[in-house]
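Asks: What follows is a single structure, and I will ask about it in a moment.
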Amino acid sequence: MRVPHNRLTFDQTEIDAVSSVVRSGMWAGGAQQVAMEERLCRMFRVINAIGVGSGLAGLRLALLACSIKENDEILIPAYSCVALPNAVLS
């Protein structure tokens, strides 16, 4: 039995959005990120939202936000992306 890791679905809307970001030269940060952060603030009725350049960076921020410190016990699933243990170990 084959279990797919993920199956991406997209249409022209996503292709155009990605092309716009690539043409801007701003792979992380930039106008699209600011617009997303502002929309998230409105959607969740919060003062701050931050986009990051990678899942690893997001995981690190989540651990900091939870006040996780050295020697705290953190359980992770056996089957996961390598970024998860890397975030815990860094």
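Bear in mind these aren't lab numbers, they're just calculated from the coordinates by the rules spelled out. It should be emphasised that the depicted structure is a prediction, and the values quoted were computed from it without experimental measurement. Cβ: placed from backbone, ideal geometry, glycine included. Neighbour counts: every protein chain shown.
Asks: Compute the length gained on full extension between Leu61 and Arg2: take 0.36 nm times their separation in residues and subtract their Cα-Cα distance, giving the result in nm to one decimal.
Replies: Gain on extension, Leu61 to Arg2, equals 17.9 nm.
Asks: Applying a 10 Å radius around every beta-carbon, put 41-47, 16-22 in order of their mean neighbour count, most first.
Replies: Values: 41-47: 8.4, 16-22: 11.3.
Those peptides, ordered most packed to least, come out 16-22, 41-47.
Asks: Simple spin-label model, 7 Å along Cα-to-Cβ: Ala49 to Ser90 in nm?
Replies: 2.4 nm
Asks: Given N residues in region 24-77, what is Rg(Cα) / (2.2 N^0.38 Å)?
Replies: Ratio of Rg to 2.2 N^0.38 Å for region 24-77: 1.41.
Asks: In addition: Tell me, in nm to one decimal, what length is gained between Glu70 and Ser24 on full extension, where the rule is 0.36 nm per residue of separation less the Cα-Cα distance?
Replies: Length gained between Glu70 and Ser24: 12.6 nm.
Asks: Sort 71-80, 30-39 by the packing proxy (mean of other Cβ within 10 Å over each peptide's residues), most packed first.
Replies: 30-39, 71-80
Asks: On to the next question. With Kirkwood's inverse mean 1/r over C-alpha pairs for Rh, give me the Rg to Rh ratio of the chain, two decimals please. It would help to have the intermediate numbers written out before the result.
Replies: On the way: Rg = 16.7 Å, Rh = 16.1 Å.
With Rh from the inverse mean 1/r over Cα pairs, Rg/Rh is 1.04.
Asks: Grab the beta carbon distance between Arg39 and Glu14, set R0 = 22 Å, and tell me the FRET efficiency rounded to 0.05.
Replies: 0.85
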